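The values are calculated or read from the model by the stated rules, or taken from the named source; none is laboratory data. Everything quoted here is computed from the prediction, not taken from an experiment. All Cβ positions, even for glycine, are placed from backbone atoms using ideal geometry, and neighbour counts span all protein chains on display.
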Amino acid sequence: MAVTDFPSVLADLGHALDSIEAVLDPDAKRAEVAELEIEVARPDLWDDQANAQRVTSRLSLLQSELERLTRLRSRLDDLGVLVELAEEESDAASQAEAESELVSLRNEIDALEVRTLLSGEYDEREALVTIRSEAGGTDAADFAAMLLRMYLRWAERHSYATEVYDTSYAEEAGIKSATFTVKAPFAYGTLSVEQGTHRLVRISPFDNQGRRQTSFAGVEVLPVTEETDHIDIPEADLRIDVFRSSGPGGQSVNTTDSAVRITHLPTNIVVSCQNEKSQLQNKAAALRVLQARLLERARQEREAEMNALRGDGGKSWGAQMRSYVLNPFQMVKDLRTNYEVSNPDAVFDGDIDGFIESGIRWRRTSAVAN
């Protein structure tokens, strides 16, 4: 569709970028970058590795955000020049190029605008995601595996690093559960709107009568813990069991007892890890997962206390949040935002940005309304 009112659209994009800059405050970020660069230049920086990683990660994040803002502003200015030239010379090719760049630029500015809505306590952190099969037997286990692939493909599309900590395979097909991290700034804030119960409706490939089956899988998203969280876990509170790692169909993938299961006795939280090569690595990964669960538990307790004080009874947006329908029609729909698409194949291949962005906007609107 041709754009006929370039000046108005460009002005709107300019105002949107102004609003984003007002929230992100690039001047404050430049000042922080200057301070961090002084720290990075200190010869003793790496004497404290935890602090060094914090400083360098923060510096990299700020530099990336500033570069993104500068690049978007430059592209907007260049687009204005291109539009002027196209109109002066009545150049159809340049106008088509301008319209294409306008669509791309609007999408990037919209995405950055969504990022400005991520202002929660842990939103800047990496994400720890757990997927579990729920009601629906083998179909639910297969659905959980489909969701695991969907999120890993989404991360791959964005060039985000991931690490799978633990996969518990179901007997016939699919998985009982899987836990993985997404190692990117704001991964937690971005993916936290994916938490809840997902529902799949399809003709079951595991039913020899070809009947339609409804199955469910749960998605849990937690912030990855950091050194500053001070999650102290006394050894006496832990029961640590080791077992042999297994693959699909119960096949052993390791001839040693390297997999680790940790039970936190005071809360009865159980975590496990079997995808690392050694028992020591699996124990360290399992402890990271446990720390994230305890951090989230503490956050929920604080939130419950605040809800009690406000007298709202701890309202939440409900568990079931998205339906994936493959039969009798093709549709994926978010039950909170009503955002929907008619191409489930693309969604299962990781094309979920529209759902995530609408979820983040909906969450902010709901928070303001409450």
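Looking only at segment 146-161, count every residue that is at pLDDT 95 or above and in a strand (DSSP E or B) and tell me the total.
0
Would you check which residues across segment 329-370 are at pLDDT below 90 and either assigned to a loop (DSSP other than H, G, I, E, B) or hydroxyl-bearing (Ser, Thr, Tyr) (or both) and list them?
Thr365, Ser366, Asn370
Checking Tyr169 against (1) modelled with pLDDT under 95; (2) touching a strand residue (DSSP E or B) at 6+ places or on another chain (Cβ under 6 Å); (3) closer than 19 Å to Phe348 by Cα: exactly one of these is not met. Which one?
That leaves (3) as the condition not met.
If I ask for residues that are farther than 13 Å from Gly136 by Cβ and surrounded by fewer than 19 Cβ atoms within 10 Å (Cβ to Cβ), which ones from segment 206-220 would you list? So that I can check it myself, show each step before the final result.
So the first thing to find is which residues in segment 206-220 are farther than 13 Å from Gly136 by Cβ, and the list is 208-210, 219-220.
Residues satisfying the conditions are Asn208, Gln209, Gly210, Glu220.
Can you tell me which residue is modelled with the highest pLDDT among those in segment 238-260 that are more than 24 Å from Ala144 (Cβ to Cβ) and exposed (fewer than 13 other Cβ atoms within 10 Å of the Cβ)?
The qualifying residue modelled with the highest pLDDT is Arg239.
Return yes when Glu87 is of a type in the set (D, E, K, R), under 29 Å from Ala28 (Cβ atoms) and modelled with pLDDT under 90 and no when it is not.
Here the answer is no, as Glu87 does not meet what is asked.
Restricting to segment 277-295, what's the tally of residues that are touching a residue at least 24 places away in the same chain (Cβ under 8 Å) and either in contact with a strand residue (DSSP E or B) (Cβ under 8 Å, 6 or more places away or on another chain) or more than 17 Å from Ala236 (Cβ to Cβ) (or both)?
Of segment 277-295, the ones touching a residue at least 24 places away in the same chain (Cβ under 8 Å) are 279, 282-283, 285-295.
Restricting the remaining residues to those that are either in contact with a strand residue (DSSP E or B) (Cβ under 8 Å, 6 or more places away or on another chain) or more than 17 Å from Ala236 (Cβ to Cβ) (or both) gives 279, 282-283, 285-290, 292-295.
Matching residues across segment 277-295 total 13.
Within segment 123-145, count every residue that is surrounded by 18 or more Cβ atoms within 10 Å (Cβ to Cβ) and assigned to a helix (DSSP H, G or I).
Matching residues across segment 123-145 total 8.
Quick one: which of Glu87, Glu65, Glu21 is more than 29 Å from the chain's Cα centre (by Cα), in a helix (DSSP H, G or I) and among the charged types (D, E, K, R)? Give the derivation first.
Numbers: Glu65 fails: more than 29 Å from the chain's Cα centre (by Cα); Glu21 fails: more than 29 Å from the chain's Cα centre (by Cα).
That would be Glu87, the only listed residue that is more than 29 Å from the chain's Cα centre (by Cα), in a helix (DSSP H, G or I) and among the charged types (D, E, K, R).
Within the set of pairs 6+ apart or on separate chains, which have a first residue in segment 320-348 that is assigned by TED's automatic domain parsing to the domain that holds Val201 and aliphatic (A, V, I, L, M), a second that is surrounded by fewer than 16 Cβ atoms within 10 Å (Cβ to Cβ) and at pLDDT 95 or above, and C-beta atoms under 7 Å apart?
Sorted first by the residue in segment 320-348, then by its partner, the pairs are Val325/Met331; Met331/Ser342.
Quick check, is Val193 within 23 Å of Ala346 (Cβ to Cβ) and part of a strand (DSSP E or B)? Before the answer, list the steps.
Details: within 23 Å of Ala346 (Cβ to Cβ): yes; part of a strand (DSSP E or B): no.
Criteria not met by Val193.
Being more than 30 Å from Leu191 (Cα to Cα) and either at pLDDT 95 or above or not assigned by TED's automatic domain parsing to the domain that holds Tyr188 (or both), is that true of even one residue in segment 47-61? Explain how you work it out, then say what you get.
Our first condition is that a residue be more than 30 Å from Leu191 (Cα to Cα); within segment 47-61, this holds for 47-48.
Cutting the leftovers down to either at pLDDT 95 or above or not assigned by TED's automatic domain parsing to the domain that holds Tyr188 (or both) gives us 47-48.
Within segment 47-61, one or more residues are more than 30 Å from Leu191 (Cα to Cα) and either at pLDDT 95 or above or not assigned by TED's automatic domain parsing to the domain that holds Tyr188 (or both).
For segment 63-102, enumerate the residues that are surrounded by fewer than 11 Cβ atoms within 10 Å (Cβ to Cβ) and of a type in the set (Val, Ile, Thr).
Matches in segment 63-102: Val81 only.
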